[in-house]
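Enquirer: Starting off with a structure, shown below.
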Amino acid sequence: MDHADLVAVTRRLALEAGDAIMAIYESEDLGVETKADASPVTAADVAADAIISAGLRAAFPDLPLVTEEQANSHAQSVSTFLIVDPLDGTKEFIHRRGDFTVNIAYVEDGAPIRGVVYAPARGRLFYTLADGGSVEETGPFDKDAPGPVSPVRVARPDNAALMVVASKSHRDQATDDYIGRYAVRDMKSAGSSLKFCLVATGEADIYPRLGRTMEWDTAAGHAVLSGAGGHVVRFDDHEALTYGKDGFANPFFIAHAPGVALKDG
C-alpha cells in the first residue's frame with residue numbers, strides 16, 4: 001500500500017462526498033427512508049456512498065471494500081480492507097444538528113491504521129498522514145491541494161478531573177453509570193465519529209460507548225485517535241479493539257488518552 005496515495009485519495013473522496021451531503025442537507029427534502037434494520041437512511045447516505053465506493057474501487061481495485069450502505073459487502077471475511085461509513089450520524093443529519101461525518105479507513109491485519117474523518121457542517125477535517133501521525137486541516141479544503149495542517153495529540157489527563165465526551169443520540173443510563181465511576185471535570189455531548197476526534201485533539205480525555213456500533217462507525221475515528229497517541233479498547237477486558245470481526249459488529253468499547261486510569265465495568 002502506498003500510504004501517500006491512500007491519504008490523497010481518501011481525503012479527496014471525503015471532501016467530494018461532503019459536498020454531496022451538504023447539497024442535500026441544505027435542501028428541503030432530505031430523502032429519508034427506513035432500512036430493513038429499522039435505521040434511517042437518507043439520499044445523502046446513498047449519494048456519498050456512490051462517490052466514495054466508485055473512487056476507492058477505481059484507485060484500489062485489489063483491496064476488499066466494506067461499506068455500510070452495501071449489505072453484500074458485510075458477508076466478507078477479511079483482515080486487511082477499506083471500510084466506509086459515508087454518513088455517520090444520520091440522526092444528527094436528519095435533525096439538522098450538524099454533528100455528522102464522512103468516514104473512510106484502511107484496516108491492516110485487523111488494525112485501523114489510516115483514516116479520514118470529515119465533518120462538513122462543522123468545517124473540521126481530520127486524517128492520518130502517510131507516516132501514521134494525525135492532523136487537523138484548516139480550510140479552504142481544496143480537493144487537490146491540502147491546506148495548512150496542525151498535528152493533533154491527546155491530552156495528558158488529570159484523573160482527578162477528566163473531560164468526558166459521550167454520544168448525543170445514544171446516551172443511556174448504563175453509560176451515565178459508568179461515567180459516574182470517574183472524577184469528571186466536565187462533560188460534553190457530540191455526534192458521530194467526532195467523539196474520537198475530540199479525544200485525539202485533547203478536547204476530551206475519554207469516550208465510553210456502551211451500545212451497539214459497527215466497525216464502519218468507528219474505524220476512521222479509531223485510526224485518527226491512534227495516530228494522535230490514543231487508544232480504543234474493549235469495554236470488557238480493556239484489550240485493543242480489532243477489526244474484521246464476524247459481521248463487522250463491535251463490542252462495547254472505551255476510547256481514551258493513554259493516561260486515563262480505566263475503571264472496570
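The values are calculated or read from the model by the stated rules, or taken from the named source; none is laboratory data. Because the structure is a prediction, the values reported are computed rather than measured. A quick note on method: Cβ atoms are made from the backbone with ideal geometry, for glycine too, and the neighbour counts reach across all protein chains shown.
Enquirer: Inside segment 168-265, counting only helices (runs of 4 or more DSSP H) that do not spill past its ends, which hold 2 or more residues that are closer than 19 Å to Tyr127 by Cα and touching a helix residue (DSSP H, G or I) at 6+ places or on another chain (Cβ under 7 Å)?
Expert: On the way: elements: 173-179, 194-200, 215-227.
Where helices (runs of 4 or more DSSP H) fall fully within segment 168-265 and carry at least 2 residues being closer than 19 Å to Tyr127 by Cα and touching a helix residue (DSSP H, G or I) at 6+ places or on another chain (Cβ under 7 Å), they are 194-200, 215-227.
Enquirer: A further question follows. Take Ala174 and decide whether it is in contact (Cβ under 8 Å) with a residue 60 or more places away in the chain and under 28 Å from Phe93 (Cα atoms).
Expert: Against the criterion (in contact (Cβ under 8 Å) with a residue 60 or more places away in the chain and under 28 Å from Phe93 (Cα atoms)), Ala174 does not qualify.
Enquirer: Right, another one. Taking segment 74-90 as the region of interest, how many residues are in a helix (DSSP H, G or I) and surrounded by 20 or more Cβ atoms within 10 Å (Cβ to Cβ)?
Expert: Looking only at that region, the number is 1.
Enquirer: Can you go through Ala200, Ala183 and tell me which one is crowded, with 23+ Cβ neighbours inside 10 Å and either over 22 Å from Phe93 (Cβ atoms) or in contact (Cβ under 8 Å) with a residue 60 or more places away in the chain (or both)?
Expert: Only one candidate qualifies: Ala200.
Enquirer: Can I ask one more? From the residues in segment 170-201 that are in contact with a strand residue (DSSP E or B) (Cβ under 9 Å, 6 or more places away or on another chain) and acidic (Asp, Glu), which one is nearest to Ala119 (Cα to Cα)?
Expert: Restricting to residues being in contact with a strand residue (DSSP E or B) (Cβ under 9 Å, 6 or more places away or on another chain) and acidic (Asp, Glu), the top hit is Asp186.
Enquirer: Follow-up question, since we're still on this one. Any residue in segment 31-42 that is crowded, with 23+ Cβ neighbours inside 10 Å and either in the same structural domain as Thr213 (by TED's automatic domain parsing) or under 20 Å from Leu13 (Cα atoms) (or both)?
Expert: No, segment 31-42 contains no residue that is crowded, with 23+ Cβ neighbours inside 10 Å and either in the same structural domain as Thr213 (by TED's automatic domain parsing) or under 20 Å from Leu13 (Cα atoms) (or both).
Enquirer: Pro112 is checked against (1) closer than 30 Å to Lys263 by Cα; (2) at pLDDT below 95 and fails just one. What number does that condition carry?
Expert: For Pro112, the exception is condition (2).
Enquirer: Which members of segment 233-265 meet the condition of being closer than 17 Å to Arg212 by Cα and modelled with pLDDT under 95?
Expert: Scanning segment 233-265 gives a single hit, Gly265.
Enquirer: Among residues belonging to segment 1-30 that are over 30 Å from Asp62 (Cβ atoms) and not aromatic (Phe, Trp, Tyr), point out the one that is surrounded by the fewest Cβ atoms within 10 Å (Cβ to Cβ).
Expert: Ranking the qualifying residues of segment 1-30, first place goes to Glu28.
Enquirer: On the basis of being touching a helix residue (DSSP H, G or I) at 6+ places or on another chain (Cβ under 9 Å), buried (at least 18 other Cβ atoms within 10 Å of the Cβ) and of a type in the set (Gly, Ala, Ser), does Ala59 make the cut?
Expert: When the stated conditions are applied, Ala59 does not pass them.
Enquirer: Select from segment 213-232 the residues that are closer than 20 Å to Lys263 by Cα and without any contact (Cβ under 8 Å) to a residue 60 or more places away in the chain and write down the one among them that is nearest to the chain's Cα centre (by Cα).
Expert: So the residue we want is Val232.
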